[in-house]
Amino acid sequence: MSARNWFAERVDEADRLFAEAAGGAGADLARFPHPLVGPSGEAIAAAAAWLGPAMAERIVCIVSGTHGIEGHAGSPIQCAWFAERGARALPDGTAMLMVHLVNPWGCAWNRRENEDNVDVFRNLVYAERPSPTNLLYRAYEEGINPRAWEGPGRVAADRIWDEFVAEHGMEQVVATIRRGQSEFPKGITYHGKGPSWSWHLVDGIGRRFCRPGARVDVLDIHTGYGPHGDALVASCDPMGTNRDRTLGWFGDRMLELGVDPLIPEHPRGPYHLWESHVGEGRVLNAGLEYGTYDIGAEFELFRANCFIHTYGNPLDAFGLRTSAAYRELFYPKSPAWRDRVLEQGLDAIDVMMKP
């Protein structure tokens with residue numbers, strides 16, 4: 001199978017390819033069916049695959065699909081690593097844990113969010129430690145999240161949106177929305193109230209695979225920020241040993257969270273959740289980010305994609321057009337883009353195999 005064939009267009013296809021690649025490498029596979037289905041009624045699921053010694057001192061973990069639709073770029077990297085690297089690429093005392101499509105519903109429905117409109121990345125961070133109230137978001141929420149896409153309701157929402165931009169500037173608008181919030185369940189960048197299905201999935205995988213005392217190095221794959229096709233790496237760790245290790249691996253490709261309002265800094269990373277299983281400071285959490293298009297110029301599309309899943313219909317004509325445009329924003333069709341994603345992803349994992 002050629003490298004490009006690992007790219008799937010549906011979640012059930014990605015699930016099948018991952019199982020095939022993991023099985024071919026001799027990995028132990030666990031599958032976690034989601035209670036809902038995809039847009040064609042297809043079954044959807046997350047999965048985890050373990051390759052290496054059962055009592056490994058170090059676990060390298062590659063994650064796809066924390067932000068739903070972005071999993072379509074992470075999945076082929078995971079498959080290709082099993083097919084082209086596998087056990088022979090593991091240093092002594094090291095195991096590979098692949099977590100496939102953490103948010104399979106979002107991946108199937110062309111959303112970054114989950115079935116409850118929850119941003120899973122932020123839910124993993126804030127489910128147990130809620131973020132402070134986003135006062136600026138609250139003040140302009142009806143403009144950020146239109147209840148209607150046309151007619152008087154849309155006019156009223158756009159009036160509030162325009163006031164928001166005029167009074168605070170687009171950079172502050174972006175920063176406010178991307179920071180997220182826990183008050184408005186139908187709003188963009190909703191953190192949720194309590195653990196989501198994916199939170200329980202991640203916690204359960206950590207409980208099952210991450211033994212106390214092990215060191216876990218996580219690379220969480222995302223798309224949507226940076227130059228088209230280029231891979232950047234962000235550390236979600238506080239200053240200290242784990243951040244220094246990430247800098248040592250990827251210094252020339254490091255991205256500093258919080259400098260750009262599109263990529264806010266959080267008090268910890270989503271997969272620091274596993275510290276409850278292995279011990280404090282024993283989880284390194286880095287993110288691999290691939291550039292697609294200028295998402296800062298696409299906030300109308302963000303509003304539309306949220307609208308069709310909260311107040312509209314994702315399967316009517318407008319919903320399908322919006323969904324297709326949103327999918328392209330985070331999962332470009334370009335073969336050249338996909339080739340670069342695969343090449344750089346495998347290279348990043350190779351780098352992480354260094355102690």
Within the set of pairs 6+ apart or on separate chains, which have a first residue in the stretch 327-342 that is exposed (fewer than 14 other Cβ atoms within 10 Å of the Cβ), a second that is not in a loop (DSSP other than H, G, I, E, B), and C-beta atoms under 8 Å apart? P335/R4
Name the pairs: first residue in the stretch 69-97 and assigned to a strand (DSSP E or B), second residue aromatic (F, W, Y), Cβ to Cβ under 8 Å, at least 6 apart or on different chains? A95/W50; M96/W50; M96/W81; L97/W50; L97/F209
Scan (1) surrounded by fewer than 21 Cβ atoms within 10 Å (Cβ to Cβ); (2) under 21 Å from P261 (Cα atoms) for the single condition P185 breaks and write down its number. (2)
Kindly provide the set of residues from the stretch 195-208 that are under 16 Å from S276 (Cβ atoms) and not in a helix (DSSP H, G or I), ordered by number. P195
Taking the stretch 79-108, which residues are within 14 Å of the chain's Cα centre (by Cα) and of a type outside the set (A, V, I, L, M)? H100, N103, P104, W105, G106, C107
It is to be established whether one or more residues within the stretch 230-241 are modelled with pLDDT of 95 or more and either touching a Cys at 6+ places or on another chain (Cβ under 6 Å) or among the aromatic types (F, W, Y) (or both). no
Apart from one, (1) buried (at least 16 other Cβ atoms within 10 Å of the Cβ); (2) assigned by TED's automatic domain parsing to the domain that holds E57 all hold for G319; the odd one out is (2)
When you go through (1) farther than 30 Å from F7 by Cα; (2) among the charged types (D, E, K, R); (3) at pLDDT 95 or above one by one for R129, which number turns out not to apply? (3)
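Residue-wise test of (1) of a type in the set (D, E); (2) assigned to a helix (DSSP H, G or I); (3) on the phi > 0 side of the Ramachandran plot.
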position: P267; (1), (2), (3): no, no, no
position: E275; (1), (2), (3): yes, yes, no
position: F302; (1), (2), (3): no, yes, no
position: R321; (1), (2), (3): no, yes, no
position: D339; (1), (2), (3): yes, yes, no
Considering the stretch 34-57 alone, what residues qualify as being surrounded by 13 or more Cβ atoms within 10 Å (Cβ to Cβ) and either among the hydroxyl-bearing types (S, T, Y) or not in a loop (DSSP other than H, G, I, E, B) (or both)? H34, L36, V37, A43, I44, A45, A46, A47, A48, A49, W50, L51
List pairs: first in the stretch 181-199 and at positive phi, second in a loop (DSSP other than H, G, I, E, B), Cβ under 6 Å, 6+ apart or cross-chain? T189/D119; T189/G180; G194/A127
Which condition breaks for W249 when tested against (1) assigned to a helix (DSSP H, G or I); (2) over 20 Å from Q344 (Cβ atoms); (3) touching a Lys or Arg at 6+ places or on another chain (Cβ under 8 Å)? (2)
Got a number for residues in the stretch 268-291 being in contact with a His (Cβ under 9 Å, 6 or more places away or on another chain), surrounded by fewer than 24 Cβ atoms within 10 Å (Cβ to Cβ) and within 20 Å of H100 (Cα to Cα)? 1
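The values are calculated or read from the model by the stated rules, or taken from the named source; none is laboratory data. Everything numeric in this text was worked out from a predicted model, so none of it was measured. Virtual Cβ from ideal backbone geometry, glycine too; neighbours counted across all protein chains shown.
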